[in-house]
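Structure first, then comments.
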Amino acid sequence: MCSKLIIVPTPIGNLEDITLRALDVLKQSDLILAEDTRTSGILLKKYNITTHRQSYHTFNEHNQVDTLIKTIGEGKQVALISDAGTPGISDPGFLLIRACIAAGIQVECLPGPTALIPALINSGFPSDRFCFEGFLPLKKGRKARLESLATETRTVILYESPHRLLKTLGQLSDVLGEDRPAVVCRELTKIYEETVRGSLRELCTWFEEHPPKGEIVIVLKGKGRDEKTKQ
Ligand code: SAM
């Protein structure tokens, strides 16, 4: 009887970015909840992990929580993974974690890959204080969210898709000012990894000329944190 939910971060590209402990937990758990069982299948096959899998994603998580609480409560160790990175970071996880805590079930999160930390550190912007904004709202609340970033003094990290990058950089430039230093990290840990640095204006020009592909993190220097800033 171990009744536990373990959150297991998985690679964001390079399949070797997984801890030995994560592999052990995945092997020893009674069940792996995976966002997309086919995507995770590639990783699990590489490491000969044959633990039973069940899909757990944005479209079924509400319906699954009660059953999963019962399963874990009956003495099962359940591991939660997402397609990439840390579950709960712009990925399903929060609902189940909250329900486990409410039910008195032990929750453990292993440290491991997530896209926001390498992007923050690659940016070279102050990392003593930062805020993670995930994806900006697509429509409702987008303007207000953008405006709230204009006065943010901490380094800001945003997730974005390649086909919305230019629009978002343009809007950030309009609201935060075209001279605001920013960095775009693309395809972290993958073959075509790229970090582009410049003002928001320069990044708009670059990506107009070089249409982006792949996965993207935008990092913005906080307002007023000029080069003299001490960390
Ligand atoms: N749970 C993940 C994490 O811990 O980072 C985030 C999942 S979210 C659905 C996917 C977004 O994360 C992508 O659109 C992109 O913004 C960012 N992302 C994930 N992998 C990335 C990578 N290898 N390079 C750059 N950004 C990445």
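Scan the stretch 70-140 for GluC sites (Glu not before Pro) in coil per DSSP, keeping those whose Cβ has at most 14 other Cβ atoms within 10 Å, and list them by number.
Of the GluC sites (Glu not before Pro), the ones in loops of the stretch 70-140 whose Cβ has at most 14 other Cβ atoms within 10 Å are Glu74.
Take the alpha carbon atoms of the stretch 58-135, find their center, do the same for the stretch 152-223, and report the distance between the two centers in whole angstrom.
For the stretch 58-135 versus the stretch 152-223, the Cα centre distance is 25 Å.
If you keep only loop residues by DSSP, which chymotrypsin sites (Phe, Trp or Tyr not before Pro) in the stretch 69-162 have at most 14 other Cβ atoms within 10 Å of their Cβ?
Listed in order of number, the matching sites amount to none.
So what's the net charge close to Gly75: Lys and Arg +1, Asp and Glu -1, counting the other residues with Cβ under 15 Å from its Cβ?
Local charge sum for Gly75: +1.
With r defined as the distance between the Cβ atoms of Thr51 and Ile101 and R0 fixed at 22 Å, what FRET efficiency is calculated, to the nearest 0.05?
After rounding to 0.05, the efficiency reads 0.40.
Among all stretches of the chain without exposed trypsin sites (Lys or Arg not before Pro) (DSSP loop, at most 13 other Cβ atoms within 10 Å), which one is longest?
It works out to 1-128.
Of all the accessible heavy-atom surface of the stretch 100-218, with the other protein chains kept in place and a 1.4 Å probe, what percent is carbon and sulfur?
55 percent
At 1.4 Å probe radius, can you tell me the per residue accessible area of the chain in Å²?
Value returned for the chain: 53 Å² of accessible area per residue.
In Å, what Rg and Dmax follow from the Cα atoms of the stretch 18-177?
Looking at the stretch 18-177, its Cα Rg and Dmax stand at 18.4, 55 Å.
List the lysines whose Cα lies under 24 Å from the Cα of Lys167, skipping any in the same chain that are fewer than 8 positions away.
Cα-Cα hits under 24 Å: Lys139, Lys140, Lys143, Lys213, Lys221, Lys223.
Based on C-alpha coordinates, I'd like the Rg and Dmax of the stretch 4-109, in Å.
Both quantities, over Cα of the stretch 4-109: 12.6, 36 Å.
Count neighbours as other Cβ atoms within 10 Å of each site's Cβ, and list the GluC sites (Glu not before Pro) in the stretch 1-68 that are DSSP loop with at most 11 such neighbours.
In loop regions of the stretch 1-68 (DSSP not H, G, I, E or B), the sparsely surrounded GluC sites (Glu not before Pro) are Glu16.
For the chain, take the longest principal axis of its alpha carbons; what is the angle in degrees between that and the long axis of helix 165-176, to the nearest 10 within 0 to 90?
Relative to the chain, helix 165-176 is tipped by roughly 60 degrees.
The values are calculated or read from the model by the stated rules, or taken from the named source; none is laboratory data. Keep in mind that what you see is a predicted model, and the values were worked out from it rather than measured. Because the Cβ atoms are built from the backbone with ideal geometry, glycine has one as well, and the counts that use them run over all protein chains shown. For accessibility, only protein heavy atoms count, side chains too; no ligands or nucleic acids. Shrake-Rupley method; radii C 1.70, N 1.55, O 1.52, S 1.80 Å.
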